[in-house]
Amino acid sequence: MLQISSALPAQNLNLFQAGRHSFKCKQSSPLIRCSSSSLLTSQSEKPVSYELNKQHLANLEKLRPKQSLEPNQADSLPVGPVPKVSGNGSWVNRGRALLEGLNVPRVWPERKAAEEMSPRHMNRLQRLLSKTPEYSPRNNLGSRWREYQGCNDWLGLLDPLDENLRRELVRYGEFVQAAYHSFHSNPALSAEEPPLPHPVALPDRNYKVTKSLYATSSVGLPKWVDDFAPDLSWMTQRSSWMGYVAVCEDRREIQRMGRRDIVIALRGTSTCLEWAENMRAQLVEYPQDCCDKENEPDHGQSKVECGFLSLYKTRGAHVPSLAESVEEEVKRLVELYKGEPLSITVTGHSLGAALAILVGEELSTCSPSMPPIAVFSFGGPRVGNSGFANQINDNNNVKVLRIVNNQDVITRVPGLPMVEGFDDNITPLAYTHVGTELRVDSKMSPYLKPNADVACCHDLEAYLHLVDGYLASNCPFRANAKRSLVKLVNEQRSNVKQLYTRKAKALSLNLEGQGLANSCCLPSPS
């Protein structure tokens with residue numbers, strides 16, 4: 001009482017003593033009368049009922065959410081029994097210990113999974129939506145570069161996906177993106193004079209473009225189409241810029257990769273005539289002008305899709321055919337860097353993936369001193385029959401790795417799935433895939449909608465997003481994916497989960513300003 005009276009004013013002391021007296025009376029049994037002697041108990045002899053009420057109020061205080069907790073601490077709650085709360089320590093620490101003991105993610109595992117899929121970690125989402133991408137580590141490939149180029153058909157590197165191979169696949173996919181961007185920045189081609197050098201903004205400054213590549217269609221549209229829509233004349237032109245040849249010239253990068261690399265990057269379908277060639281799905285005999293027919297095993301008659309072969313072999317009015325340009329430039333570079341370890345990497349998306357297979361097969365047979373060739377195909381269709389597939393699969397100098405989205409319908413055409421591998425004499429649409437397959441699935445991405453449309457499932461940026469996140473077949477998307485989501489949100493906003501688009505808006509990120517400038521021409525179907 002001396003302690004209380006020293007802390008309270010004299011005029012309020014009687015009121016406090018009466019309130020304390022009534023509080024103790026209510027906590028005691030109604031059969032026992034409250035006496036004045038109960039108020040004279042010493043501080044060391046406090047009634048049990050008073051201590052219980054004090055403990056009850058303390059427990060309620062523990063269950064209140066604490067603003068000082070970090071948002072990412074919920075993911076690191078330990079798994080174990082509920083710890084006992086000791087009497088010492090602050091209320092914040094004791095409340096935190098109780099919350100950790102509850103272990104909510106363990107009680108509701110589906111809630112834990114939902115939280116891992118949600119963008120509650122604002123700093124991580126802000127990094128993925130940042131303007132500056134964070135790349136996976138580019139390690140020294142050294143003496144293993146032939147493995148990453150497929151000398152053993154990528155055995156042991158695909159499931160789980162090797163981190164070095166993942167980075168290389170994403171890097172070569174960005175070369176194809178550069179081809180898309182360069183074409184759509186200036187798609188028109190003069191029909192009166194030879195084309196000027198086409199500028200390309202390479203994603204890797206260690207490479208230098210040495211040759212522009214053009215593809216020409218053997219079919220054309222009537223002239224009245226140009227008269228009707230003169231602003232879209234580039235859609236009806238027969239010859240169009242298709243890609244480029246680039247070579248690595250940086251000594252440090254050459255040392256990191258273990259060799260000097262020659263890249264051939266080819267874009268996908270972008271003009272009306274290219275779409276028309278895609279529709280010519282009949283199989284035609286594949287010419288093998290520079291093959292040594294006597295020493296080759298018999299694979300049967302090799303046939304490929306008519307439209308693909310037309311774009312590959314047809315000459316334009318002022319440009320050579322795609323086949324002639326590639327062969328001439330690659331032979332020049334091989335002779336220029338003779339004596340150095342060299343590799344040739346052919347990469348493409350959609351139509352470009354089909355043409356990349358034709359490029360790789362022909363380069364591997366046109367010279368006995370040709371370096372090893374690797375073809376990285378993103379979302380590529382079938383190209384030829386079983387004879388053509390066997391011819392490439394038995395060729396040790398060219399290896400094909402096809403990256404396939406399980407939801408991409410383009411990878412299942414042309415032809416019919418139920419007749420794949422059949423003899424084309426039995427059915428005219430007996431197409432067969434070639435090479436080794438790396439299968440990803442857009443449904444496994446935590447950012448894309450499960451019902452994403454056909455355009456999203458075939459989009460090159462979606463492919464690179466899935467490859468960057470792919471870990472293994474039993475764990476399809478890694479939590480520490482590095483690739484920025486800016487391009488994916490800009491190009492496939494309707495197919496990105498609304499939870500993430502809303503969070504991006506909440507972060508006040510100017511996504512449109514970070515994306516590429518809109519082209520004046522029609523967007524690519526990819």
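So that you can scan it fast, the table gives a plain yes or no per residue for (1) modelled with pLDDT of 95 or more; (2) under 27 Å from the mean Cα position of the chain (by Cα); (3) within 19 Å of Thr216 (Cα to Cα); (4) surrounded by 21 or more Cβ atoms within 10 Å (Cβ to Cβ):
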site	(1), (2), (3), (4)
Gly258	no, yes, no, no
Val263	yes, yes, no, yes
Glu274	no, yes, yes, yes
Glu277	no, no, yes, yes
Arg280	no, no, yes, no
Asn295	no, no, no, no
Gly300	no, no, no, no
Lys303	no, no, no, yes
Gly307	no, no, yes, yes
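Residues considered: Asn406, Asn390, Asn396. Of these, the only one that is out of contact with any helix residue (DSSP H, G or I) (no Cβ under 6 Å at 6 or more places or on another chain), under 22 Å from Asp261 (Cβ atoms) and open to solvent by 30 Å² or more (accessible area, probe 1.4 Å) is Asn396. The residue of the range 328-375 that is farthest from Asp394 (Cα to Cα), among those that are among the hydroxyl-bearing types (Ser, Thr, Tyr) and open to solvent by 10 Å² or more (accessible area, probe 1.4 Å), is Tyr337.
Of all residues in the range 178-192, exactly one satisfies the criterion of being open to solvent by 80 Å² or more (accessible area, probe 1.4 Å) and among the small types (Gly, Ala, Ser), namely Ser185. Scanning the range 193-205 for residues that are under 13 Å from Val319 (Cβ atoms) and of a type in the set (D, E, K, R) gives a single hit, Glu193.
Considering the range 193-227, and only residues there that are among the charged types (D, E, K, R) and open to solvent by less than 90 Å² (accessible area, probe 1.4 Å), the residue that is modelled with the highest pLDDT turns out to be Lys211. Is it the case that some residue within the range 486-506 is of a type outside the set (Gly, Ala, Ser), in a loop (DSSP other than H, G, I, E, B) and modelled with pLDDT of 65 or more? Within the range 486-506 (the criterion being of a type outside the set (Gly, Ala, Ser), in a loop (DSSP other than H, G, I, E, B) and modelled with pLDDT of 65 or more), the answer is yes, since at least one residue qualifies. Per this entry, Pro417 is counted among residues that are at pLDDT below 90 and open to solvent by 30 Å² or more (accessible area, probe 1.4 Å). Annotation: of all residues in the range 121-169 being surrounded by fewer than 18 Cβ atoms within 10 Å (Cβ to Cβ) and of a type in the set (A, V, I, L, M), the one that is modelled with the highest pLDDT is Leu155. The helices (runs of 4 or more DSSP H) located wholly in the range 301-384 that include 3 or more residues which are over 30 Å from Cys272 (Cα atoms) occupy 322-336.
The values are calculated or read from the model by the stated rules, or taken from the named source; none is laboratory data. Nothing here was measured: the structure is a model prediction, and the numbers come from that model. For neighbour counting, all protein chains shown are included, and Cβ atoms are generated from backbone atoms with ideal geometry for every residue, glycine included. Note: accessible area is taken over every heavy atom of the protein model, side chains too, but ligands, DNA and RNA are not part of it. Shrake-Rupley method; radii C 1.70, N 1.55, O 1.52, S 1.80 Å.
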